[in-house]
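The values are calculated or read from the model by the stated rules, or taken from the named source; none is laboratory data. Owing to the predicted nature of the structure, the values given are computational and were not obtained by experimental measurement. Cβ coordinates were reconstructed from backbone atoms using ideal geometry, including for glycine residues, and neighbour counts include every protein chain displayed. What goes into the accessible areas is simple: the full protein's heavy atoms, side chains included, and nothing from ligands, DNA or RNA. Shrake-Rupley method; radii C 1.70, N 1.55, O 1.52, S 1.80 Å.
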Amino acid sequence: MGALVGGLYAAGYSPQEIEEIFLSNDFKNWAEGNLDEKYVYYLREKDENPTLITFKIDVDTLLETILPTNLISPIALDYGLMRYFAPSTAIANNNFDSLFIPFRCVASDIISKKAYVFKEGKLATAVRSSMAYPFYLTPIPYNGKLLFDGGLYNNFPSDVMYNDFLPDYILGSNVSSNFEIPDEDNLVSQIKTIIADNTEYSISCDNSIIIEPEASEFSLFDFDKNEELIKIGYDATIKQMESIKKGIERRVDIYELIERRKKYKKRLPKLIFEDIEVEGMTDAQNKYVRKSLRFKEDTISAKNLKPEYIKVSSDDKIKKIYPQAEFNKETNKFTLKLRAKKEKDLFVSFGGVFSSRPINTAYIGLQYNLLSKTAISVLANTYFGKLHNSVSAGFRLDFPFSIPFYWKTLYTRDGWDYFKSRSTLFEDTKPSFLLINDQYVRSELGFPVAYKGKIILDGTVGEVIDKYYQTKKFISTDTTDKTKFKNYSVGLHFEQNSLDMKQYASKGSFLSFGIRFVRGEEYTQPGSTSIIKDEFDTILDWVRLEIIYDKYIRLAKGVRLGVFGEGVYSNQPFFNNYTASVLSAPAFEPLSESKTLFQENFRAHSYFALGVKNIYQLFKNVQLRFEGYLFQPHQQILQNQQKKAYYGRIWDDRQFVFASSLVYTTPLGPIAVNLNYYDEYEEHWSFMFHFGYIIFNKKSLE
């Protein structure tokens, strides 16, 4: 923080401007490693899955390179420092003595195990190097050095100031102390003690004073409390102001200083880029990054370039991009030089859900990346559990053209067992026997709509095989009814997604609407318990329109309102019997648990649904949710005595769902306790505890 505060002041920012920076959302994003979500490129995001942890591996690497070197992403910080410091660096001609105020900062070279003093170069690089904290923020490679926070070897560099400038008076501010004895169970404290030197908190200058604000109750990364910390520093300084004034004879009028700062800022060039250069990878990989940055005009401002920079930085094939602004004196504009590094080749993900209900599902995902002028990802995943078993494999190609797009093709084989996975509160409640096997090949093209939207055109060829009894009274020697539906479908839909979480979201919005045409051959073979004994074979086709809207609104601090709507219209015909018809009908599944239940009353060919969510943020990572939904089918699907399907009266019946959840969001995934109520369902109440994400591969007709 010393380098950042000093660098901003040396670059001509006033104390008031610096305070505004430290209290801004931009700074909070820097400190927490967050990107501006509205610019994270939805087109490049992969399908949602239940991953809890991902290991990124080079195929020929050793284990230690799998371990992460930083807790937060430096992407937003690196770009922000460049924006704040590039103009001052330009007019100083990379000489820190020629800034508005002469400047020095100290970094630590862990290769030579010595402090390194920055006197020249890019001001953003110097400050960033001095901010790199072990395990929190990545180090900066610079001229054969690997630079970390200067505090490792010299945390109070008054000697640097004294030797370089021989000042009349030195003001020091100290909120640090030497490291405590390392804890045997604390790896970070052990490593800090190994690599860091103790510091003498004193000033060699005779005329000097050290201000020591009392901030011991704050942790090293308490960036949410900046306003309070600023006040503590201010109050500590005011207490010693009389002593400071006695030691300083010379005075400068405040208006004179303001005028000097105005004149200095007028000289600063605007941060306008006329070109972009990418280095650090192969020529083809550098071109991929360069093409991904849409540079349509002759020049672009740093503000307008930021969304493109975040878009590329959030690409999972790129590990990091470090920006530098190189000034061209002839044109008075800048060239953006990006030093890029490719992400590791292989991603191995583990996840799933662990629940008090017998729906526990483990997940393993693999992604192998090949980056050239086009990005290629080879994809595979598998789910295994009582309820759901699945395997999927395929590829995805990302093209960074003027209109970027992707092409993805996957083969998926799904199995659902609603019989074995069903737990009941009462022993005499026997669940229906339902097995669904779904295999298909889907190929899709995706095109961007702004940053958070995309249009998807897809085609699917597959076969769904349902095995079921149309009665709950069956014995082990009975044979099931069996319905096969060989089908193909084409779909076109739009998605826009800015939700903050893939489950239990509380910020942002989601909008999806589209159309799908389905055509296929139904073949039904009756089992031993079926009333109708004849086999059945026919061709079916239909069109389905669907829209989903989910939005969250901030009502007050810690209180949010969610509104939800879903509508489906379809001219889908009935299958040969009631059970097959209901199994193939669109399902309303508003809750995470809904995806694990077969609920006949929440399935219909055409329906609309509305929902309201009240979300209370009890603590930073704890929320309490109350949700209510109305499901209104156009015509309910009913069955007659021959187990055939027929429609009920128009708008005649409706269902309600009420849910409450206490959710704790961990770095891996959510831990939640759910109490749900389903209207007109055989078991109204459902209690569930789970850790992880209840997310599955898409079904063929979705």
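Calculated FRET efficiency, L166 and Y664, Cβ-Cβ r, R0 56 Å, to nearest 0.05?
0.50
From the backbone phi of region 528-541, what are the Karplus-calculated ³J(HN,Hα) couplings (6.51 cos²θ - 1.76 cosθ + 1.60, θ = phi - 60°) in whole Hz, Gly and Pro given as x?
5, 9, 6, 6, 8, 9, 7, 6, 9, 9, 7, 9, 10, 8
Compare the Cα positions of S377, L618, F494 along the charge dipole of the chain (+1 at Cβ of Lys, Arg; -1 at Cβ of Asp, Glu; about the Cα centre) and return the one farthest towards the positive end.
Comparing the listed Cα positions along the dipole, F494 ranks first.
Using a 1.4 Å probe over the heavy atoms of the protein chains, calculate the carbon and sulfur portion of the accessible area of the chain as a whole percent.
Answer for the chain: carbon and sulfur cover 55 percent of the accessible area.
Set Lys and Arg Cβ to +1 and Asp and Glu Cβ to -1, take the dipole of the chain about its Cα centre, and tell me which of Q572, F223, M131 lies farthest positive.
Q572
Looking at the square roots a ≥ b ≥ c of the eigenvalues of the Cα gyration tensor of the chain, which shape do they give, rounded for a/c under 1.5, prolate if a/b is larger than b/c, or oblate?
prolate
Any aspartates and glutamates with Cα under 13 Å of the K486 Cα? List them, leaving off those in the same chain fewer than 8 positions away.
D438, E463, D466, E521, E522, D537, D541
State the antiparallel share, in %, of DSSP beta bridges confined to the chain, rounding to the nearest 5.
95 percent
Rank by packing, highest mean first: peptides 118-126, 407-415, with packing defined as the count of other Cβ atoms within 10 Å averaged across residues.
So the peptides 118-126, 407-415, ranked by packing, come out 118-126, 407-415.
Can you give me the accessible area per residue for the chain, using a 1.4 Å probe, in Å²?
50 Å²
In the chain, which helices (entire DSSP H runs) extend 24 Å or more along their own long axis, judged by Cα positions, while averaging at least 0.0 on the Kyte-Doolittle scale?
Result, helices passing both filters: 75-91.
Exceeding 32 Å between C-alpha atoms, which entries from my cross-link table qualify? They are K119/K270; K287/K620; K113/K502; K231/K551.
Beyond 32 Å between Cα atoms: K287/K620; K113/K502; K231/K551.
Each label point is 7 Å from the Cα along the Cα-to-Cβ direction; what then is the distance between the points at E259 and N207, in nm?
It works out to 2.5 nm between the two label points.
What is the calculated FRET efficiency for K287 to Q642, with r their C-beta to C-beta distance and R₀ = 56 Å, to the nearest 0.05?
0.30
Roughly how many debye, to the nearest 20, is the charge dipole of region 105-163 about its Cα centre, given +1 on each Lys and Arg Cβ, -1 on each Asp and Glu Cβ, and no other charges?
Result for region 105-163 is approximately 120 debye, rounded to the nearest 20.
For the chain, what does -39500 (n - 2.57) per DSSP helix run (n ≥ 4), summed and divided by total residues, give at 222 nm, in deg cm²/dmol to the nearest 500?
My calculation for the chain gives -5500 deg cm²/dmol from helical runs alone.
Taking H as built 1.01 Å from N, whose amide H comes closer than 5 Å to the amide H of Y646, not counting residues under 5 places away?
L638, Q639, N640
Work out, step by step, the length gained on full extension between V348 and E249: first 0.36 nm times the residue separation, then minus their alpha carbon distance; give nm to one decimal.
29.2 nm
Shape call for region 76-163 from the C-alpha gyration tensor, a ≥ b ≥ c root eigenvalues: rounded (a/c under 1.5), prolate (a/b greater than b/c) or oblate?
Because a/c hits 1.5 or more and a/b fails to exceed b/c, region 76-163 counts as oblate.
Can you list the residues, at least 5 places off or on another chain, whose amide H is less than 5 Å from the amide H of F419, using H built in the peptide plane?
It is L434, by chain and number.
For region 112-119, just list the computed ³J(HN,Hα) in residue order, Karplus coefficients 6.51, -1.76 and 1.60, θ = phi - 60°, integers in Hz, with x standing in for Gly and Pro.
8, 6, 9, 6, 10, 9, 7, 10
Provide the packing ranking of 144-153, 17-26, i.e. peptides ordered by the mean count of other C-beta atoms within 10 Å per residue, highest first.
144-153, 17-26
Say a paramagnetic label sat at a point 7 Å from the Cα of S219, along Cα to Cβ; which residues of region 661-689 have their backbone N under 20 Å from it?
Under 20 Å, as judged by backbone N against the label point of S219, lie 664-671 of region 661-689.
Just how large is the dipole of region 520-573 about the Cα centre, in debye to the nearest 20, putting +1 at every Lys and Arg Cβ and -1 at every Asp and Glu Cβ?
900 debye
Using each residue's phi in region 395-411, evaluate 6.51 cos²θ - 1.76 cosθ + 1.60 at θ = phi - 60° and report the 3J(HN,Hα) Karplus result to the nearest Hz, with x for Gly and Pro.
So the Karplus estimates, Gly and Pro as x, are 8, 9, 10, 10, 10, x, 7, 4, 10, x, 7, 10, 10, 10, 9, 9, 9 Hz.
With each pseudo-label sitting 7 Å past Cα toward Cβ, what's the R554-L540 distance in nm, one decimal?
Placing both labels 7 Å along Cα→Cβ, they lie 4.8 nm apart.
Along each of its three principal axes, how wide is the spread of alpha-carbon positions in region 561-690, in whole angstrom units, largest first?
54, 24, 23
Modelling each spin label as a point 7 Å along the Cα-to-Cβ direction, I'd like the V378/I364 distance in nm, to one decimal.
Between V378 and I364, the label points sit 1.6 nm apart.
Name the shape class, rounded, prolate or oblate, that the alpha-carbon gyration tensor gives for region 283-329, where a ≥ b ≥ c are the square roots of its eigenvalues, rounded holds for a/c under 1.5, and otherwise prolate holds if a/b is larger than b/c and oblate otherwise.
prolate
Putting +1 on Lys and Arg Cβ atoms and -1 on Asp and Glu Cβ atoms, find which of Y41, I300, V106 reaches farthest to the positive end of the dipole of the chain.
I300
Please work out the Cα center distance from region 75-148 to region 494-568, rounded to the nearest Å.
About 51 Å separates the Cα centre of region 75-148 from the one of region 494-568.
Using unit Cβ charges (K, R positive; D, E negative) and no other charged atoms, how large, in debye to the nearest 20, is the dipole of the chain about its Cα centre?
In debye, rounded to 20, the chain gives about 1620.
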